[in-house]
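A.B. asks: To start, I am sharing the structure in question, which I have written as structure tokens.
The values are calculated or read from the model by the stated rules, or taken from the named source; none is laboratory data. Because the structure is a prediction, the values reported are computed rather than measured. Cβ placement follows ideal geometry from the backbone for every residue including glycine, while neighbour counts extend to all protein chains displayed.
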Number of protein chains: 2
Amino acid sequence: MYKAKVYVTYKESILDPQGAAIKKALHHLNYQEVQKVSVGKYFEIQVADGGQKINEQVQKMCDELLANVNMETYRFEIQDDQEDEK
Amino acid sequence: MYKAKVYVTYKESILDPQGAAIKKALHHLNYQEVQKVSVGKYFEIQVADGGQKINEQVQKMCDELLANVNMETYRFEIQDDQEDEK
């Protein structure tokens, strides 16, 4: 069993209104040191060992479903899942 | 300058309909090996060095704004930000 951790964020050129709103809210809470906030999606996917190359599989999942490759970029990490310590 | 990477996910006991829907969609795309999908939020926060302990600051930001501590758990990593390599 593998665990893929996928991080999807907007490309630099894409406006991130949610990030701007959160930055403003943090400033209201007196966290003036906050310079920039980017918001993204985080996926944890448990994949049984199907024999295929896990990296290629996860990359295809990202390209086909998890990320909008026109506006977003993604990166992922694969763990050989001996029950992630909680 | 620091960069905090914050990962917010649902607690185990909380239903994750979005994760279930994505799992179903991945099965439709023939990724039958996918066993479980969890969806969460991912934040990248750039924080100027305000002298205060960065870890405590980020933890408070999570408790006060970024995570709903009743339903979600969070973890974060702090990088001393020499321009994260792209």
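A.B. asks: Scan segment A:66-78 and tell me whether some residue there is within 9 Å of chain B (Cβ to nearest Cβ), surrounded by 12 or more Cβ atoms within 10 Å (Cβ to Cβ) and within 19 Å of B:Ala25 (Cα to Cα).
C.D. replies: yes
Results for (1) surrounded by 15 or more Cβ atoms within 10 Å (Cβ to Cβ); (2) over 20 Å from B:Val34 (Cβ atoms); (3) at pLDDT below 95, shown as yes or no for each residue.
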{"position": "A:Ile22", "(1), (2), (3)": "yes, yes, no"}
{"position": "A:His28", "(1), (2), (3)": "no, yes, no"}
{"position": "A:Lys41", "(1), (2), (3)": "yes, no, no"}
{"position": "A:Ile45", "(1), (2), (3)": "yes, no, no"}
{"position": "A:Ala48", "(1), (2), (3)": "no, no, yes"}
{"position": "A:Gly51", "(1), (2), (3)": "no, no, yes"}
{"position": "A:Ile54", "(1), (2), (3)": "yes, no, yes"}
{"position": "A:Gln57", "(1), (2), (3)": "yes, no, yes"}
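A.B. asks: One residue is enough: does segment A:31-39 have a residue meeting the conditions closer than 17 Å to B:Glu77 by Cβ, in contact with a Ser or Thr (Cβ under 7 Å, 6 or more places away or on another chain) and free of Cβ contacts under 8 Å to residues at least 60 places away in the same chain?
C.D. replies: So far as segment A:31-39 goes, yes, one or more of its residues are closer than 17 Å to B:Glu77 by Cβ, in contact with a Ser or Thr (Cβ under 7 Å, 6 or more places away or on another chain) and free of Cβ contacts under 8 Å to residues at least 60 places away in the same chain.
A.B. asks: With the requirement that a residue be among the small types (Gly, Ala, Ser) and in contact with a Gly (Cβ under 7 Å, 6 or more places away or on another chain), what does segment B:1-45 give you?
C.D. replies: So the first thing to find is which residues in segment B:1-45 are among the small types (Gly, Ala, Ser), and the list is B:4, B:13, B:19-21, B:25, B:38, B:40.
Correct list: B:Ser38 only.
A.B. asks: Something else now. Is there a residue in segment A:66-78 that is farther than 30 Å from B:Lys53 by Cα and in a helix (DSSP H, G or I)?
C.D. replies: Yes, there is a match, as at least one residue in segment A:66-78 is farther than 30 Å from B:Lys53 by Cα and in a helix (DSSP H, G or I).
A.B. asks: Kindly indicate which of A:Tyr31, A:Tyr7 is at the interface with chain B (Cβ under 10 Å from one of its Cβ atoms), outside any helix (DSSP H, G or I) and out of contact with any strand residue (DSSP E or B) (no Cβ under 7 Å at 6 or more places or on another chain).
C.D. replies: After ruling out the rest, the residue left standing is A:Tyr31.
A.B. asks: Can you give me the number of residues within segment B:8-48 that are among the β-branched types (Val, Ile, Thr) and within 19 Å of A:Ala4 (Cβ to Cβ)?
C.D. replies: So the count comes out to 6.
A.B. asks: For B:Phe43, work out the one condition from (1) closer than 23 Å to B:Cys62 by Cβ; (2) assigned to a loop (DSSP other than H, G, I, E, B); (3) among the aromatic types (Phe, Trp, Tyr) it doesn't fulfil.
C.D. replies: With respect to (1) closer than 23 Å to B:Cys62 by Cβ; (2) assigned to a loop (DSSP other than H, G, I, E, B); (3) among the aromatic types (Phe, Trp, Tyr), B:Phe43 is out only on (2).
A.B. asks: Being closer than 22 Å to B:Asp49 by Cβ and touching a residue at least 12 places away in the same chain (Cβ under 8 Å), is that true of even one residue in segment A:42-60?
C.D. replies: Within segment A:42-60 (the criterion being closer than 22 Å to B:Asp49 by Cβ and touching a residue at least 12 places away in the same chain (Cβ under 8 Å)), the answer is no, since none of the residues qualifies.
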